[in-house]
Amino acid sequence: MEVINTVAALKARVAAARQQGKTVGLVPTMGALHVGHLSLVSRACQECDFVVVSVFVNPTQFNNPDDLRTYPRTLDADVDLLTNNTKADVVFAPSVAEVYPTPDTRVFDLGPVAQVMEGAHRPGHFNGVCQIVSKLFAYVSPDKAYFGEKDFQQIAVIRQMVSQCDFKLEIVDCPIVREADGLAVSSRNTLLTPEHRAAAPHIHEVLAASVAKVATMSPDELTRWTIDEVNKNTLLAVEYYEIVDALTLQPIKAWTDTTSAVGCITVQAGAVRLIDNIRLTK
Ligand code: PAF
């Protein structure tokens, strides 16, 4: 597997693969790779002839300087993990100056999907995500790009950006990968203290238990119940929990408002912000 640091070299490598008639898959990541990322890369390798994994901690999507500073950076280990466990062809690991030689001032019109939940709690976050993802799409012109459903809203926002920018590619959403105790796998899990790591599986426990309550509670009642149950563990503090339509991401008032309801949660576990979600109705 080849590690490429410049946009010019990446474009040349992808063009050579295209010349050979290969289909191209892209897995965008911020590194600190784990089994969740490996599942995306494996799927990309099954479905595409040539696979690029990008590893780039994108500064424009961080609205909290401490979060950007402490975000784990483990490029050597990431390359080893990909080399030993996947058939990915290229790791694209550029510098910030390579990606942003001048500040990116583009503002994406992402509509209602980007205004709720993470969009409301992390101003500018999704605009930054769209800045980097649109650049990666322009460099690689992938046939398919792979994203994990843990970041459920991110996928909806990226679909919106793809339609706005008229990119011709397929967005493939891949299921959440969980630790044996149910905690959604995340690069940020490595930043948890042992106490918070032990508390964190409670989030998925509550979400999983909430599915059975759909039969007896309204969305508002279930929202309250879920927040109270998670907060019962004093090491966890719910930032928000919303039950939304899976496509529009707008909150629902009645189960009949949607064909598919998803519960999306963000929890502060000490200094670490964890997100998770669950399908409540199909
Ligand atoms: O989900 C992530 O890791 C990031 O938001 C992404 C899509 C790689 C863009 O930086």
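The values are calculated or read from the model by the stated rules, or taken from the named source; none is laboratory data. Because the structure is predicted, anything quoted here is derived from the model rather than measured. Note that we place each Cβ from the backbone using ideal geometry, even for glycine, and neighbour counts take in every protein chain shown.
Taken as a whole, the stretch 40-49 holds no residue that is assigned to a strand (DSSP E or B) and among the hydrophobic types (A, V, I, L, M, F, W, C). Please list, ordered by first then second residue, the pairs with beta carbon atoms under 8 Å, 6 or more apart or interchain, first in the stretch 65-84 and touching a residue at least 40 places away in the same chain (Cβ under 8 Å) and of a type outside the set (Ser, Thr, Tyr), second in a helix (DSSP H, G or I) and surrounded by fewer than 16 Cβ atoms within 10 Å (Cβ to Cβ). Sorted first by the residue in the stretch 65-84, then by its partner, the pairs are Pro72/Thr190.
Yes or no, residue by residue, for (1) surrounded by fewer than 16 Cβ atoms within 10 Å (Cβ to Cβ); (2) assigned to a helix (DSSP H, G or I):
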{"site": "Leu68", "(1), (2)": "yes, yes"}
{"site": "Val79", "(1), (2)": "no, yes"}
{"site": "Ala88", "(1), (2)": "no, no"}
{"site": "Ala97", "(1), (2)": "yes, yes"}
{"site": "Thr105", "(1), (2)": "yes, no"}
{"site": "Phe108", "(1), (2)": "no, no"}
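Contact map, the stretch 130-142: residues that are over 16 Å from Ala44 (Cα atoms) paired with residues that are among the β-branched types (Val, Ile, Thr), Cβ distance under 6 Å, separation 6+ or inter-chain. Pairs shown: Gln131/Thr60; Val133/Ile158; Tyr139/Val7.
Let's see how each residue does on (1) within 16 Å of the ligand (Cβ to nearest atom); (2) at pLDDT below 95; (3) farther than 27 Å from Arg18 by Cβ:
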| site | (1), (2), (3) |
| --- | --- |
| Phe152 | yes, no, yes |
| Arg159 | yes, no, no |
| Cys165 | yes, no, no |
| Lys168 | no, no, no |
| Ser186 | yes, no, yes |
| His196 | no, no, yes |
| His204 | no, no, yes |
| Ala215 | no, no, yes |
| Ile227 | no, no, yes |
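Here Phe92, Phe147 are screened, and the one residue that is touching a Ser or Thr at 6+ places or on another chain (Cβ under 6 Å), within 13 Å of the ligand (Cβ to nearest atom) and among the aromatic types (Phe, Trp, Tyr) is Phe92. Put simply, of Val116, Val140, Val133 the only residue that is out of contact with any Phe, Trp or Tyr (no Cβ under 6 Å at 6 or more places or on another chain) and within 11 Å of the ligand (Cβ to nearest atom) is Val133.
Name the single residue, out of those in the stretch 239-260 being more than 19 Å from the chain's Cα centre (by Cα) and more than 21 Å from Leu110 (Cα to Cα), that is surrounded by the fewest Cβ atoms within 10 Å (Cβ to Cβ). Per the criteria, the residue is Thr256. Please determine whether any residue of the stretch 69-76 is under 15 Å from the mean Cα position of the chain (by Cα) and not basic (Lys, Arg). Checked against the condition, which is being under 15 Å from the mean Cα position of the chain (by Cα) and not basic (Lys, Arg), the stretch 69-76 yields at least one hit. Within the stretch 191-209, residues that are hydroxyl-bearing (Ser, Thr, Tyr) have Cβ atoms under 7 Å from residues that are surrounded by 14 or more Cβ atoms within 10 Å (Cβ to Cβ) in these pairs: Thr193/Gly270, counting only partners at least 6 apart in sequence or on another chain.
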